[in-house]
Each structure stands twice: as C-alpha cells, then as structure tokens.
Amino acid sequence: MFKNVYNWIDERLDITPLWRDVADHEVPEHVNPAHHFSAFVYCFGGLTFFITVIQILSGMFLTMYYVPDIIHAYASVDFLQHQVAFGQIVRGMHHFGASLVIVMMFLHTLRVFFTGSYKAPREMNWVVGMLIFFIMLGLGFTGYLLPWDNKAYYATKVGVEIAASVPYIGPYIADFLYGGDIVGAQTLTRFFAIHVFFLPGALIAMLAAHFLMIRKQGISGPL
Amino acid sequence: MSNHEQHESAHRPVQRKEMSRRQFLSYTLGGTTAFMMGGAVLPMVRFAVDPLLVKKGEGTFVKVVEESKITTEPQEFKFKVHQVDGWYESEPELVAWISRDAEGKIFALSPVCKHLGCTIFWNTKGHNEYDCPCHDARYTRDGKNITVARLPLDEYDVKVDDGIVYLGAIKPNTRV
C-alpha cells in the first residue's frame, strides 16, 4: 500500500534522489559509537537538534491555549497545565527541554572545541553555531517571561536592566525590549512575538546553514 | 604622467564608459527591488521601534498628605498613581516614607530595598533605622545604606504646595 503510493509519486516526481541525498550518507568509523563507544560525544549535536524539534512542536501546541496578555497569561498557563489533559506533560516538555537544549548545546560545543573541529575549513560553521547559541539564549530569556508569574517578571526586569547597562545604547535596548517604561502589557506581547516568530525563524535559518555546511564539508577527521 | 596619458588617448579610439543593456537592466531591477523591499520593511521597523520614539510622560505630581502631618519621625504614606501600560490603565498604589530633616525640609524615600527589592520598614528593630525583613539590610533616616545593600534608598521628587505634600518621580538618593 505505502509502497504503491510511494512508487506512484516517485514515477512522477523522482523523489528518491532527494531523500537519498539527505538521509543516505556514510558515518565514518571514528564518529560511530558502535565502533568506539567514546564516539558518543559526537551525538550531542544531533541530540540538540532532536530536543530543538521537541521544543518547536511542544511550543506550537502550547500556543493553542496560551494568551500573551498581562491579565490572562498566568490564568491560561495555569489552565493548560492543570485542566487540559497532558498539559503538565506538554508544558513540562517545553520547560525542561529548554534547559536540556542548553546542556546539549554546551556539550556539543565542548566536543567541537576539544576535537578541534572548528579549525579551517570549518570556521564559518563555528560562527554560525555561536549565533545559534545566542539565539537559544534569546529564546530562553523571552520564553521565561511568558507565564507572567513573579519569577518571570523579576527575571525579565533584572535581565533588561543588565541590557540597559550597555554603554550609550543600553537605554534604547531597554526601551525596545520593554516596549515602554515598565515590564508590562507591551513587554509581554513583544517577548511573545520574539519568542514564537522572530527567534525561531532566525534559528531555523541558522540551523539550515549549520547542516548544509556540515554536509558540504563533511565531519572532521579522527584525532 | 598626464602628458603620457594625453599622448596615449590621442592615438586610441575614445573609450566611453558605457553601460551595457544588461547592466542597465540589472541596476533598474535591483533599484526597483530595493525600493519595494524598503517600502515593505520600513513600516514594520517603525512599528517595532515605536516605544523608543514615543515621548516619555513627564513625572506628574500626586497629592499625598497634608504638610502638617509630617514629623521628623518617618511615617509610611500610601498613594495612587495613574499608570498607562499600552491598552491598560491602572491605579497602582505606591508607598513612601516621608519625614522632615533637621532643617525641617520634607523628603520622601522609596521603600524598595536596594539589595534585592524587598519592602523596607522604619524602626522595626528599635534602632531608629530602616530595616529590610529579607536580608537584614539597614538604612539611616536619610536612606544611607549601612549594611547589605550597596546603594542608598531611592527618593521621590517632593513638592509642597499650599500645605499639601505632592510626590513625583523616583530618583536616586540626593541626601547621602
């Protein structure tokens, strides 16, 4: 049944080379944990991506209930966590996944650093990886405000005040992030927009560049 | 040099730096694209940075208490300010500790501890100091930080008019 459908499409669009190009490639021995168990360190990048996918999916589902408004945000989070079936799990995935992404990304960065994989010709991929790192931090910072509880409020206040201490442009950055003078209605909508549209958009573009480069250049050689 | 160049150009056919059709078209298309992209992006950027360009509301003064009630002993006064937050307007309640100094000048301190933002109170431990219940920060009558906190208590702008004390914006302490 599936084979027939696949063949029918493949005859018309010749899709086999497309997915083969993406999925069918050799994994060198030195990065394969089946050969050398210590090669598991090469899994952290893929794990980061795996958790990122979970973050994107769980985040998409969370917006089915979440309202980015100072009056309703906390109540909507409370509702989706405690009233909706599996709400605790879906929000839990997003909540704990956020920390896990940072951990995995950090381990991946350590692996790249200690295997010297950032060296020529892969310098650009290191730079793109750093951009991904900062986008992830931005996602963490903006997402933290969204439940609109005390912790969220003060974390954002402190965070923006740190940003405001940048010489010369600090106050403008703070105004831009606050969307006004205080952590309020406009800060919440702003952070929501940045968290849900702007940064994920940038993240996906950077991930595409990251993966294209690693496919083009191949994985770095053994130590 | 210039002689040499003149000499050469006299013998060569004049080379005009002419734009090819292809170049002209790509410039035109590029310019049009840039113009159209600009037209699309500009409104969005202005939209996003609007809060930066909105004129800040000047600190308005709010009536708090009669001048005669203020003593040299700091007292707690609550007052409401009008706050506009986007599409929400509210009347949050603020607190000020108001007292007179040795010269009889009225000043008002913010009760937000400069250590980690708890609410301080006057003389809860009998030392004639402001005490913070959270981490035992202490401040003098003028709001000068004694321990724990690294900065003195913030001050309100004070205006006395016709026997009434008005409070305005919060500013860094000017007394210590």
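What are the residues in segment A:33-54 that are over 14 Å from residue A:103 (Cα atoms) and loosely packed, with under 14 Cβ neighbours inside 10 Å, if any?
A:33, A:34, A:35, A:36, A:37, A:38, A:40, A:53, listed by residue number.
Give the residues of segment A:63-88 that are free of Cβ contacts under 8 Å to residues at least 40 places away in the same chain and touching a helix residue (DSSP H, G or I) at 6+ places or on another chain (Cβ under 6 Å), sorted by residue number.
Within segment A:63-88, A:65, A:67, A:80, A:81, A:87, A:88 meet the criteria.
Here are some conditions: (1) among the hydrophobic types (A, V, I, L, M, F, W, C); (2) under 20 Å from the mean Cα position of the chain (by Cα); (3) part of a strand (DSSP E or B). Residue B:97 meets all but one. Which one does it not meet?
Residue B:97 satisfies every listed condition except (2).
If you scan segment A:164-186, which residues turn out to be more than 9 Å from every other protein chain (Cβ to nearest Cβ), under 26 Å from residue A:71 (Cβ atoms) and among the small types (Gly, Ala, Ser)?
Residue satisfying the conditions is A:174 alone.
Condition check ((1) in the same structural domain as residue B:140 (by TED's automatic domain parsing); (2) closer than 21 Å to residue A:174 by Cα; (3) among the small types (Gly, Ala, Ser)) across all residues:
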{"residue": "B:27", "(1), (2), (3)": "no, no, no"}
{"residue": "B:43", "(1), (2), (3)": "no, no, no"}
{"residue": "B:72", "(1), (2), (3)": "yes, no, no"}
{"residue": "B:101", "(1), (2), (3)": "yes, no, no"}
{"residue": "B:110", "(1), (2), (3)": "yes, no, yes"}
{"residue": "B:117", "(1), (2), (3)": "yes, yes, yes"}
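Pull up segment A:187-223, narrow it to residues that are part of a helix (DSSP H, G or I) and hydroxyl-bearing (Ser, Thr, Tyr), then point me to the one that is farthest from the chain's Cα centre (by Cα).
Result: A:187.
Scan segment A:79-122 for residues that are among the small types (Gly, Ala, Ser), under 23 Å from residue A:50 (Cα atoms) and surrounded by fewer than 16 Cβ atoms within 10 Å (Cβ to Cβ) and jot them down.
A:92, A:99
Quick one: which of B:137, B:149, B:102, B:108 is more than 28 Å from residue A:185 (Cα to Cα) and surrounded by fewer than 12 Cβ atoms within 10 Å (Cβ to Cβ)?
Sole residue among the options that is more than 28 Å from residue A:185 (Cα to Cα) and surrounded by fewer than 12 Cβ atoms within 10 Å (Cβ to Cβ): B:102.
Can you name the residue in segment B:80-105 that is away from chain A (no Cβ under 14 Å) and touching an Asp or Glu at 6+ places or on another chain (Cβ under 7 Å) and is also farthest from residue B:149 (Cα to Cα) among such residues?
My answer is B:80.
Would a scan of segment A:138-148 turn up a residue that is surrounded by fewer than 20 Cβ atoms within 10 Å (Cβ to Cβ) and of a type in the set (A, V, I, L, M)?
no
If the requirement is being at pLDDT below 95, of a type outside the set (A, V, I, L, M) and touching a Lys or Arg at 6+ places or on another chain (Cβ under 7 Å), which of these qualifies: B:143, B:126?
Of B:143, B:126, the one residue that is at pLDDT below 95, of a type outside the set (A, V, I, L, M) and touching a Lys or Arg at 6+ places or on another chain (Cβ under 7 Å) is B:143.
Output yes when any residue across segment A:39-50 is more than 30 Å from residue A:86 (Cβ to Cβ), touching a residue at least 40 places away in the same chain (Cβ under 8 Å) and assigned to a helix (DSSP H, G or I), and no when none is.
Yes, segment A:39-50 has at least one match.
Could you give every pair whose Cβ atoms fall below 7 Å, whose first residue belongs to segment B:44-55 and is facing another protein chain (nearest Cβ under 8 Å), and whose second residue is among the charged types (D, E, K, R) and in a helix (DSSP H, G or I), counting only separations of at least 6 or pairs across chains?
Within 7 Å, the pairs are B:51/A:175; B:52/A:175.
The values are calculated or read from the model by the stated rules, or taken from the named source; none is laboratory data. Model, not experiment: these values are computed from the prediction. Positions of Cβ are backbone-derived with ideal geometry, glycine not excepted, and every protein chain shown enters the neighbour counts.
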